[in-house]
């Protein structure tokens with residue numbers, strides 16, 4: 001599917017990001033690019049970040065699978081993105097002839113959005129900063145205050161609805177069970193003294 005998308009020159013969008021090279025470590029305490037891109041997709045509607053495809057031409061240049069360090073990438077995201085993204089996955093895909101490999105980061109849409117990316121501001125190395133990125137068509141932008149407010153309101157609304165649904169299901173289960181079965185009341189007493 002990746003080879004077909006690249007051959008069809010499928011343009012980048014809010015849920016597809018082509019990257020020519022593998023993720024790089026953060027430099028000089030600045031933003032981690034991988035963390036920023038992952039948070040942006042999670043804050044939008046999820047999607048795929050595919051490493052090994054040139055974004056301008058959609059040419060599959062591939063990656064060296066021996067250079068892939070999935071544990072390291074996951075740690076960068078854990079260290080730089082809050083709240084945590086538990087369902088993020090990285091997968092190396094290799095062509096059937098074994099000549100070309102790509103790395104796919106599958107970023108699900110997150111019910112915990114907005115996710116903030118933490119890093120050191122370039123102008124003030126002692127000052128940690130946090131921003132909320134999102135995908136705007138084929139590029140990453142930063143949420144303004146009103147977008148953050150709405151994202152948090154949406155998160156809290158989802159959480160409240162989920163809690164209400166759990167309470168509703170629990171009440172329904174209790175009503176159903178209590179109407180059909182008598183509840184036994186077990187009791188017990190010790191046959192041997194406790195101090196023995």
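Within the stretch 35-71, track down each residue that is farther than 21 Å from residue 6 by Cα, in contact (Cβ under 8 Å) with a residue 60 or more places away in the chain and either more than 23 Å from the chain's Cα centre (by Cα) or in a helix (DSSP H, G or I) (or both). Answer for the stretch 35-71, where residues must be farther than 21 Å from residue 6 by Cα, in contact (Cβ under 8 Å) with a residue 60 or more places away in the chain and either more than 23 Å from the chain's Cα centre (by Cα) or in a helix (DSSP H, G or I) (or both): 35, 36, 39, 40, 42, 43, 44. Exactly one residue among 38, 61 is in the same structural domain as residue 93 (by TED's automatic domain parsing) and either surrounded by fewer than 20 Cβ atoms within 10 Å (Cβ to Cβ) or at pLDDT below 95 (or both), and that residue is 61. Of all the listed residues (68, 81, 53, 2), the sole one being surrounded by 17 or more Cβ atoms within 10 Å (Cβ to Cβ) and closer than 27 Å to residue 130 by Cα is 81. Cβ separations smaller than 6 Å between residues 6+ apart or across chains give the following pairs from the stretch 81-94 residues that are without any contact (Cβ under 8 Å) to a residue 40 or more places away in the chain to residues that are part of a loop (DSSP other than H, G, I, E, B): 83/112; 92/68.
Taken together, 113, 109 contain a single residue that is within 30 Å of residue 154 (Cα to Cα) and touching a strand residue (DSSP E or B) at 6+ places or on another chain (Cβ under 7 Å), which is 109. For the stretch 21-29, does any single residue satisfy the condition of being touching a helix residue (DSSP H, G or I) at 6+ places or on another chain (Cβ under 9 Å), part of a loop (DSSP other than H, G, I, E, B), under 19 Å from residue 89 (Cβ atoms) and touching a residue at least 40 places away in the same chain (Cβ under 8 Å)? Checking the stretch 21-29: at least one residue is touching a helix residue (DSSP H, G or I) at 6+ places or on another chain (Cβ under 9 Å), part of a loop (DSSP other than H, G, I, E, B), under 19 Å from residue 89 (Cβ atoms) and touching a residue at least 40 places away in the same chain (Cβ under 8 Å). Going by the structure shown, is residue 129 assigned by TED's automatic domain parsing to the domain that holds residue 32, touching a residue at least 24 places away in the same chain (Cβ under 8 Å) and not in a helix (DSSP H, G or I)? So residue 129 fails the test. On the stretch given as the stretch 89-114, residues that are part of a loop (DSSP other than H, G, I, E, B) and either touching a helix residue (DSSP H, G or I) at 6+ places or on another chain (Cβ under 6 Å) or loosely packed, with under 15 Cβ neighbours inside 10 Å (or both) total 10. Number of residues in the stretch 151-176 that are under 30 Å from residue 17 (Cβ atoms) and exposed (fewer than 12 other Cβ atoms within 10 Å of the Cβ) equals 4. None of 74, 141 is assigned to a helix (DSSP H, G or I) and under 18 Å from the mean Cα position of the chain (by Cα) except 74.
The values are calculated or read from the model by the stated rules, or taken from the named source; none is laboratory data. All values reported here derive from a predicted model rather than from experimental measurement. A quick note on method: Cβ atoms are made from the backbone with ideal geometry, for glycine too, and the neighbour counts reach across all protein chains shown.
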